[in-house]
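A.B. asks: There's a structure below that I have some questions on.
The values are calculated or read from the model by the stated rules, or taken from the named source; none is laboratory data. All values reported here derive from a predicted model rather than from experimental measurement. Using ideal geometry, Cβ is built from the backbone for each residue, glycine included, and neighbour counts are taken over all protein chains shown. The area values use the complete protein model at the heavy-atom level, side chains included, leaving out ligands, DNA and RNA. Shrake-Rupley method; radii C 1.70, N 1.55, O 1.52, S 1.80 Å.
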Amino acid sequence: FASFEQKSGQASTMLRCAGRAVSRTLALGRAANLAPELQIAPYVLREVASLEVQATSRALSSLRRLASPCSGHAIYEPKEIRSKRHFRSTGPAFSDTVSVEVPQMGDSISEGTIAAIEKKPGDAVAEDEVILQIETDKVTIDIRSPGAGVIGEILVSMDDTVEVGQTVASITLGEVAPKAEEPKKEKPAKKTEEAAPSPKPAAEKPAEKPAPKKKAPAAPTPAAPAPAAPATPRADAGQPRERRVAMTRMRKRIAERLKGAQNTFAMLTTFNEIDMTNIMQFRKQYKDIFQEKHGVKLGFMSVFVKAAADALKQVPAVNGVIDGSDIIYKDFVDISVAVASPKGLVVPVLRDADQLTFAGVEKNIALLGQKARDGTISIDDMAGGTFSITNGGVFGSLLSTPIINPPQSAILGMHATNQRPMVVNGEIVARPMMYVALTYDHRLIDGREAVTFLKRIKEVVEDPARLLLDV
């Protein structure tokens, strides 16, 4: 400590939040008004109003924190705080039982369904290890252990509905699960016991005399064909030939939103086709250099995202929404990209897509796509969005009419690229062509604006230099 005359100071910087374990050498915060500034030694943070320094004992006599615990972690409050040399203020030092509660899952989500229970009472858990999973309308959320210990109770069952703040499990921190007793290895039996007498071979039967050969009978007169045998009954006859399963929360929500969009919007779809020759040559020329420099592959999606961002600036009505009797025009471009996950369709958002580079778009799409497949995507990743892009071409779709993602007003549909005969300079040649579709809300967007928007995307994809020249 600075000197024996300094008795107190104000907490200026807190480096750890409530409920997190710390080691003896890990700083929790810093105290201002001390010369030099004091680095606070490890204690479990609770509520901080001020801190008091006792220089004689070189220890903090009180440390409180006025803050909520970390999101997604249970509150850890030891029964008493001990202050002595070489003290470790981690959870295992106290062996306290803590409750694990359902964390906040988003502004519009107040409940969820237990989708998976990864641990059972008596199992050992490490800090941040997944205990169970909660499925909501939008995402699946992992409930993790606040520290290392042993599961005391699991208070929920599969498919139970839980609310924010509800206790779902208890953990005894610091305990170690008892190891299962290993079965004793039996001593090998003696050789005399192992060597069992081999059974005597059965007496051989005397060889039978060959039967006398019979003369071949005369060819019989052809008889009338026998009636066809009755069909063999199915092996699963009488078994049910259909299954009934409950819809997941996410599937229910997807169904509600899509049907709601169909009932609310005046949806109309316009089509165009894009010659992919130039962009395929562009990708072939730069894909190796691009991957070497940026560490990600150059795909077609980044070109379409940048083309859509440019078109949204030129036709702002497509980037607007109807709110009651008003129209809200968005002055930013957040593009949602539809991704197929194992549990359903999700639409993570590329923030400020108009300001991202091609590499930035590809990196963000790869990251969000991986999170969607792993089930770690969060609600924040999908919140917002002013325009959507879906690519059915990865599954071989030739043409479709995508449905608007509420509350947005339009969605672009990409499709498979196929060789088709096209007339180029008066000659019929094979060209890689892609159909594109724009579904829009006709209440807000007129046909002229929709066609202009889709035509601009076609122009930029066929000639990416237009983005550089702004023409």
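A.B. asks: Karplus couplings for the stretch 300-306 from phi (6.51 cos²θ - 1.76 cosθ + 1.60, θ = phi - 60°), rounded to Hz, Gly and Pro as x?
C.D. replies: Once θ is set to phi - 60°, the couplings for the stretch 300-306 become 7, 4, 5, 5, 5, 5, 5 Hz.
A.B. asks: If amide hydrogens are placed 1.01 Å from N in the peptide plane, which non-local residues have theirs closer than 5 Å to the one on GLU273?
C.D. replies: VAL436
A.B. asks: How much of the DSSP bridge set in the stretch 300-394 is antiparallel, in percent, rounded to the nearest 5?
C.D. replies: The antiparallel proportion sits near 75 percent.
A.B. asks: Turning to a different aspect of this structure: Please list the non-local residues whose amide H lies under 5 Å from the amide H of LEU268, H modeled 1.01 Å from N, same-chain partners needing a gap of 5 or more.
C.D. replies: Answer set, sorted by chain and number: TYR440, HIS442.
A.B. asks: Sticking with this one: Sorted by average packing, counted as other Cβ atoms within 10 angstrom per residue and highest first, what order do 418-426, 144-152, 388-396 take?
C.D. replies: 144-152, 388-396, 418-426
A.B. asks: How long is the stretch 252-371 along each principal axis, judged by its Cα atoms, biggest number first, in Å?
C.D. replies: Taking max minus min along each principal axis of the Cα atoms, the stretch 252-371 gives 50, 36, 27 Å.
A.B. asks: Would you tell me the accessible area of ASP446, worked out with a 1.4 angstrom probe on the heavy atoms of the protein chains, in Å² to the nearest 10?
C.D. replies: Number for this one is 80 Å².
A.B. asks: Give me, ordered by chain and number, the residues 5 or more places off ASP123 or on other chains with an amide H under 5 Å from its own placed amide H.
C.D. replies: ILE151
A.B. asks: Still on this structure, I have one more. Just how far, in whole angstrom, is the stretch 231-310 from the stretch 364-429 if you go by their alpha carbon centroids?
C.D. replies: Going from one Cα centre to the other spans 6 Å.
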